[in-house]
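Notes for the one structure printed next.
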Amino acid sequence: MVGHAALAFALAAGAAVAVGLDRERALLFGAVAGVFAAVPDVDIGYAVVGLATTGGVDLATLPDVFWETGNTVHRGFTHSFVVGASAALLFGLSACRGRLRAVAAVGLTSVVFVTAVFLGALEGGVMASFLLAGAGVSVGASRVGLSARTVSAAALVGLLSHPFGDVFTGTSPTLLYPLEVHLLPERVLLSADPTLHLLGAFGLELATVWLAVLVYFWLRGLSLSGHLHRRTALGSSYAGAVVLLPAPTLSVSYQFVFSVLAVGAVVAGRDRVGAAEGDRDAVEVELEVRDADGRLVGLRRDRELPARCGDSAADVHAVEGERGVPAPVVRVAEGDGVAGRPDVVRRGGAADVGADRDFPRASG
């Protein structure tokens with residue numbers, strides 16, 4: 001699910017900037033697309049029914065029971081391009097108000113009814129869960145300021161990008177359901193060796209997450225190196241565990257995946273404010289972003305001066321510096337560049353004891 005959301009976020013946010021959307025709106029658009037990308041996997045919720053009906057389940061067989069039940073409906077119509085494109089339109093209408101939202105409600109209910117009649121009650125329940133989750137995301141997106149058209153576009157990116165994250169991790173999704181056309185073989189293998197296939201799929205997932213991280217840092221104008229701790233390199237030592245653990249495959253991937261997550265949780269960590277070498281003077285700031293009329297439209301927390309303040313002035317309130325001493329209030333406004341240095345802004349305040357200090361303006 002994380003990989004699906006990361007891919008949709010990277011694609012949507014990057015494309016939004018490419019078509020001229022400002023970076024803050026692009027981040028919001030990408031985030032909504034990422035949430036939509038998780039919606040198709042609501043179909044795996046049926047696995048809970050399997051666990052409940054079997055009574056007591058041995059922990060050793062729990063994963064098998066979970067997936068055996070869930071795969072009854074998993075990667076079916078919720079992973080279809082046809083269903084996804086149609087649902088994106090209805091989700092866009094759900095973000096409207098008044099009559100159009102009523103039209104969306106009628107459309108969503110009709111889809112659930114038709115699914116239940118022609119495919120059965122189980123499939124109707126799965127479709128209801130899928131559409132209800134998507135409609136909930138749509139309403140939430142409209143409340144944070146996205147238009148119905150933008151919500152529909154975000155839904156389209158999220159729903160149509162989702163199936164690609166499942167191509168290498170088991171049975172291929174039915175991309176054109178309900179059409180009897182199969183664009184992919186039943187299984188797509190990166191290697192005939194099951195362990196190498198799993199490692200390849202895991203590498204693609206990891207690369208997707210890093211792509212999303214890089215896009216986020218690019219849009220925020222942040223330095224990635226300033227947010228990494230040296231001890232994260234210790235995670236590479238886990239490669240030595242290959243001689244101690246059974247060779248992982250897709251069918252027995254749980255030990256491998258959960259052990260990697262555990263190692264990541266132990267060794268990974270965000271560097272403390274101002275602790276990174278070459279970033280000793282950095283402070284954590286809270287940015288109030290205001291529109292041209294002076295109305296507050298959002299808040300941002302950052303470790304450096306904002307990469308983009310929009311077309312209007314913005315106040316930046318520093319919170320606590322490296323040594324726990326309140327840092328000066330920073331005002332960043334259009335035209336504050338130092339003479340002859342458009343890449344520098346003037347920063348100062350009472351805590352600077354009356355002295356102005358020049359700091360490089362973040363690129364972007």
- line: Exactly one of GLY50, GLY145 is out of contact with any Pro (no Cβ under 7 Å at 6 or more places or on another chain), under 22 Å from GLY34 (Cβ atoms) and modelled with pLDDT under 95, and that residue is GLY145
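Would you confirm whether or not the stretch 200-218 contains a residue that is of a type in the set (Phe, Trp, Tyr), in contact with a His (Cβ under 9 Å, 6 or more places away or on another chain) and either without any contact (Cβ under 8 Å) to a residue 40 or more places away in the chain or not in a helix (DSSP H, G or I) (or both)? Explain how you work it out, then say what you get.
To start, the set of residues in the stretch 200-218 that are of a type in the set (Phe, Trp, Tyr) comprises 202, 210, 216-218.
Adding the requirement that they be in contact with a His (Cβ under 9 Å, 6 or more places away or on another chain) leaves 217.
Applying the additional criterion that residues be either without any contact (Cβ under 8 Å) to a residue 40 or more places away in the chain or not in a helix (DSSP H, G or I) (or both) yields 217.
Yes - at least one qualifying residue is present in the stretch 200-218.
Do you know which of the residues in the stretch 76-100 that are in contact (Cβ under 8 Å) with a residue 60 or more places away in the chain and surrounded by fewer than 20 Cβ atoms within 10 Å (Cβ to Cβ) is nearest to LEU132 (Cα to Cα)? I'd like the intermediate steps shown before the answer.
Step one: list which residues in the stretch 76-100 are in contact (Cβ under 8 Å) with a residue 60 or more places away in the chain, which gives 76-77, 79-85, 87-89, 91-92.
With the extra rule that they be surrounded by fewer than 20 Cβ atoms within 10 Å (Cβ to Cβ), the set shrinks to 81-82, 85, 89.
Details: PHE81: 18, VAL82: 18, ALA85: 16, LEU89: 14 Å.
Once the filter is applied, the top-ranked residue is LEU89.
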field: Residues being in contact with a Pro (Cβ under 9 Å, 6 or more places away or on another chain), of a type in the set (A, V, I, L, M, F, W, C) and farther than 29 Å from VAL32 by Cα - total across the stretch 170-220
entry: 2
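Residue by residue, here is whether (1) crowded, with 17+ Cβ neighbours inside 10 Å; (2) in the same structural domain as ASP41 (by TED's automatic domain parsing); (3) in contact with a Cys (Cβ under 7 Å, 6 or more places away or on another chain); (4) of a type in the set (Ser, Thr, Tyr) holds:
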{"site": "ALA102", "(1), (2), (3), (4)": "no, yes, no, no"}
{"site": "VAL106", "(1), (2), (3), (4)": "no, yes, no, no"}
{"site": "VAL111", "(1), (2), (3), (4)": "yes, yes, no, no"}
{"site": "THR115", "(1), (2), (3), (4)": "yes, yes, no, yes"}
{"site": "LEU122", "(1), (2), (3), (4)": "no, yes, no, no"}
{"site": "LEU131", "(1), (2), (3), (4)": "yes, yes, no, no"}
{"site": "VAL139", "(1), (2), (3), (4)": "no, yes, no, no"}
{"site": "VAL144", "(1), (2), (3), (4)": "no, yes, no, no"}
{"site": "SER152", "(1), (2), (3), (4)": "yes, yes, no, yes"}
statement: Going through the stretch 14-41 in order, the residues found to be within 16 Å of HIS79 (Cβ to Cβ) and surrounded by fewer than 19 Cβ atoms within 10 Å (Cβ to Cβ) are ALA38
- request: Only one of these is in contact with a Gly (Cβ under 7 Å, 6 or more places away or on another chain), of a type outside the set (D, E, K, R) and assigned to a loop (DSSP other than H, G, I, E, B): LEU190, LEU176. Name it.
  value: LEU190
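The values are calculated or read from the model by the stated rules, or taken from the named source; none is laboratory data. What you see is a predicted model; the values in this text were computed from it and never measured. Cβ sites come from the backbone with ideal geometry, for glycine too, and all protein chains shown count toward neighbours.
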